[in-house]
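Undergrad: Just dropping this structure here.
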Amino acid sequence: MKTLYKKLAKTLCGHSTKILAGEHVLIDVSETPAEMVNALIDEISERGAFAHVKISNQKISRKLAQTAAEGGLQVDADCALYQMKKMNAYIAIRGAENIFENSDVPQGQMALISSAMKDVLDWRVSKTKWVVLRWPTPSMAQLAQMSTEAFEKFYFDVCTMDYSRMAEGMQAMKKLMEATDKVHITGEGTDLSFSIKGMTAIGCGGQYNIPDGEIFTAPVRDSVEGFITYNAPTVYNGVSFDSIRLEFEKGKIVKASSPNNATKLGEILSTDEGARYIGEFAMGFNPYINSAMRDILFDEKIAGSFHFTPGQAYDEADNGNRSQVHWDLVCIQTKEYGGGEIYFDGKLIRKDGLFIGEGIEKLNPDYLK
């Protein structure tokens, strides 16, 4: 296991964040073995950089969220922003014994925290080199319906794969997306149209998230029309949702349903005006991830999936939408999940989860494995 920790640390500090001598790196961990943190500290030190560590606990974080008040949060946010401004890089490893730990924290409290910490998040995303990943736990293995041992093997296979193999296919897809105006997506419970004209496309091959394997852009904010049914289950702020269906008019979500948590869904989408508009459109292609496990860092990378995200747009692909929410909701279009098609300007570019076309076919599993 020590060898795997070291290999993962090299991936995070080398391929992902490219740590250089003299840089300051914040390691932000929750429910993560000390041995993994130590491996990161060793790797950062060997590169001549400086490691700084922040440790949190899921149950304590829940209690703080329940009792959070604006005055105290502002002090926390000021301190966190001061620290983040001192950092050149940020590595977060987030373990969770129970992904539903925050399920009884009122949405209003979570929104209050998100609002207070937004400047910290924005600085981290736009001003540092960063990478975020989960830590494999028995609860994650249960969600993946795998044994703990099998899941740990899967985790390290996925997280330490040769992400450089994605580069050629991502470049071809970037070129295609940036030349596209109209996108049309069809499938079971989905008939969605929007424009990506003039929007930048960003390929993600292990630089920001581990695991990785997606390319994202944003729709023109008011262009989204139609409806979508997300067939991947999801968790947001500790609350579970299944089969979310959204309807759009002139870019805005005008109707939303979920059979198991409709009220909570409405509360999230009512957080602010931007929560009812889409901030990201992305396609996933990690060849080792084939099914949903209610963990978005994995699920949004599922080969043959796409995600269509209510809320905040990224600076790199900015359609102007602003929100405290950024919720990556996933639809899987492989044959096992009912199939589906994606068209760019009327041309079929993906069918049943497989890319079609010169260059972009190198994002299919047979090439990437």
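Undergrad: Per residue, what volume in Å³ does the convex hull of the Cα atoms of the chain enclose? Show your work: numbers first, answer last.
TA: Numbers: hull volume 46.1 nm³, N = 369.
So the per-residue hull volume is 125 Å³.
Undergrad: Could I ask something else about it? What's the local net charge at S126, with K and R +1, D and E -1, over the other residues with C-beta under 15 Å away?
TA: Details: positive: K85, K118, R124, K127, K129, R322; negative: D119, D122, D315, E316, D318.
Net of charged neighbours comes to +1.
Undergrad: Now for a separate question. Compute the separation of the alpha-carbon centres of the range 141-163 and the range 31-97 and state it in Å as a whole number.
TA: 24
Undergrad: Summing -39500 (n - 2.57) over the DSSP H runs of n ≥ 4 in the chain and dividing by its residue number, what mean residue ellipticity at 222 nm do you reach, to the nearest 500 deg cm²/dmol? All intermediate terms of the calculation are to be shown ahead of the outcome.
TA: On the way: 11 runs with 115 residues, N = 369.
For the chain, the value works out to -9500 deg cm²/dmol.
Undergrad: Compare the peptides 24-31, 174-181 by average per-residue count of other Cβ atoms within 10 angstrom and give them in order, highest first.
TA: Values: 24-31: 20.4, 174-181: 16.6.
Top of the packing list down: 24-31, 174-181.
Undergrad: Would you mind pulling out the separation of the Cα centroids of the range 187-209 and the range 244-299, in Å?
TA: Measuring centre to centre over Cα atoms gives 14 Å.
Undergrad: Could you work out which residue, out of F156, F298, F216, moves most in a Gaussian network model of the chain, that is, has the largest mean-square fluctuation with Cα springs under 10 Å?
TA: In this elastic network of the chain, the residue with the biggest mean-square fluctuation among F156, F298, F216 is F156.
Undergrad: Of all the accessible heavy-atom surface of the chain, with the other protein chains kept in place and a 1.4 Å probe, what percent is carbon and sulfur? Display every interim value, and only then the final one.
TA: Working: 8220 of 15990 Å².
Carbon and sulfur atoms account for 51 percent of the accessible area of the chain.
Undergrad: If you bin every alpha carbon distance in the range 100-182 into 5 Å steps from zero, what whole percent lands in each bin?
TA: Pairs per bin, as whole percents: 3, 10, 10, 11, 13, 17, 18, 14, 5, 0.
Undergrad: For K197, list the lysines whose Cα falls under 25 Å from its own Cα; do not include residues on the same chain fewer than 8 positions away.
TA: In chain and number order, the partners are K174, K175, K182, K250, K252, K301, K347, K351, K362.
Undergrad: Taking only protein heavy atoms into account and a 1.4 Å probe, give the accessible area per residue of the range 220-323 in Å². Don't skip to the answer; put the middle values down first.
TA: Numbers: 3470 Å² over 104 residues.
Computed with neighbouring chains in place, this is 33 Å² per residue.
Undergrad: Still on this structure, I have one more. Grab the range 1-113 and count how many Lys pairs have their alpha-carbon atoms under 25 Å apart, sequence gap of 8 or more, or different chains.
TA: 17
Undergrad: Kirkwood hydrodynamic radius (Cα pairs, Å) of the range 9-94? Write out the running numbers ahead of the final one.
TA: Numbers: mean 1/r = 0.0715 Å⁻¹.
With all distinct Cα pairs of the range 9-94 included, I get 14.0 Å.
Undergrad: Net charge within 13 Å of P136 by Cβ-Cβ distance, Lys/Arg positive one each and Asp/Glu negative one each, not counting P136 itself?
TA: Details: positive: R94, R134, K153; negative: E31, E97, E149, E152, D157, D295.
Summing Lys/Arg as +1 and Asp/Glu as -1 gives -3.
The values are calculated or read from the model by the stated rules, or taken from the named source; none is laboratory data. These figures come from a predicted structure and were not determined experimentally. Please note: Cβ atoms are built from the backbone with ideal geometry, for glycine as well, and neighbour counts cover all protein chains shown. Keep in mind that these areas ignore ligands, DNA and RNA; they rest on the heavy atoms of the full protein, side chains included. Shrake-Rupley method; radii C 1.70, N 1.55, O 1.52, S 1.80 Å.
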